[in-house]
Amino acid sequence: MPEYYRFDDPDFFTVMTPPERRWAGEVTREVMPGWDLGSVFMGDDLDDPQVPVASLLQIAPGDTLPRHAHDCFRVEVMVRGSLQVPGGRTLVPGDVMVSRPGEFYGPHVAGPEGSLSVEIFSAARGVNPISDPDAEPDERSAAVADRVNEAIARRQAGQAP
């Protein structure tokens, strides 16, 4: 039987994500207020690095997603709000961005109403972002990365946030 998830459910991002993978959304919410993340794995073996994944990412108004890449093919579809991308372009609902494995993109800045997009990853192995070593230093992004790493380490050690 199909599964259905309603966006108006306060736990929307959590319930769509398999329990074993909910830590990513928990870290996202803890470190970046106003952001959320939920993922659907398109296969039964969550440990299979080849399983495709669809993630919904919500970014708070005015916040920046740093320049990064993924180790897989990726398609992103804007659902709500807007996202300013390099080159003076703004993505709005219905717009699509495609990136190849290792192709860096960003930074992206959420518009005044924030943004909600669906990212479709060709393989679970590529879900985690790869930072761009050539990106200009950004203190806020570095601080967020530090907080993310601290939150992940706490969860791995079994400590509460």
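Quick note: the coordinates plus some simple rules give every number you see, no bench work behind them. Just so it is clear, the model here is predicted, and its values are computed rather than measured. Cβ placement follows ideal geometry from the backbone for every residue including glycine, while neighbour counts extend to all protein chains displayed.
What to note about this one:
- Modelled spin-label separation between VAL75 and ASP45, with each label point placed 7 Å from Cα along the Cα-to-Cβ direction: 2.4 nm.
- With both labels modelled 7 Å from their Cα along Cα-to-Cβ, the ALA153 to TRP23 distance reads 1.4 nm.
- Put simply, the chain fits an ellipsoid with semi-axes of 22, 20, 17 Å; these come from the alpha carbon gyration tensor as the roots of five times its eigenvalues, largest first.
- Shape category assigned to the range 75-137 from the gyration tensor of Cα positions, a/c cut at 1.5: oblate
- Length gained when the stretch ARG89-GLU103 is fully extended (0.36 nm per residue, less Cα-Cα span): 3.2 nm
- Taking other residues whose beta carbon is less than 15 angstrom from the beta carbon of VAL85, and scoring Lys, Arg as +1 and Asp, Glu as -1, yields -3.
- Residues listed by number, the range 96-121, amide nitrogen under 18 Å from ALA54 label point at 7 Å toward C-beta: 96-99, 116-121
- Unit charges on C-beta of K, R, D, E only; dipole of the range 12-154, Debye: 260 debye
- Other residues lying with their Cβ under 9 Å from the Cβ of ILE120 contribute a combined charge of -1, Lys and Arg counting +1, Asp and Glu -1.
- GNM remark for the chain: springs join alpha carbons under 10 Å apart, and the peak mean-square fluctuation among ILE120, ILE130, ILE59 falls on ILE130.
- Database remark: amide H of TYR5 closer than 5 angstrom to no amide H (H placed geometrically; neighbours at sequence offset of 5 or more, or on other chains; Pro and chain starts carry no H).
- Think of the chain as having a plus end and a minus end, set by charges on the Cβ of Lys, Arg, Asp and Glu; of VAL40, LEU56, THR17, LEU56 sits farthest toward the positive end of this dipole.
- GNM remark for the chain: springs join alpha carbons under 10 Å apart, and the peak mean-square fluctuation among ASP134, ASP63, ASP36 falls on ASP134.
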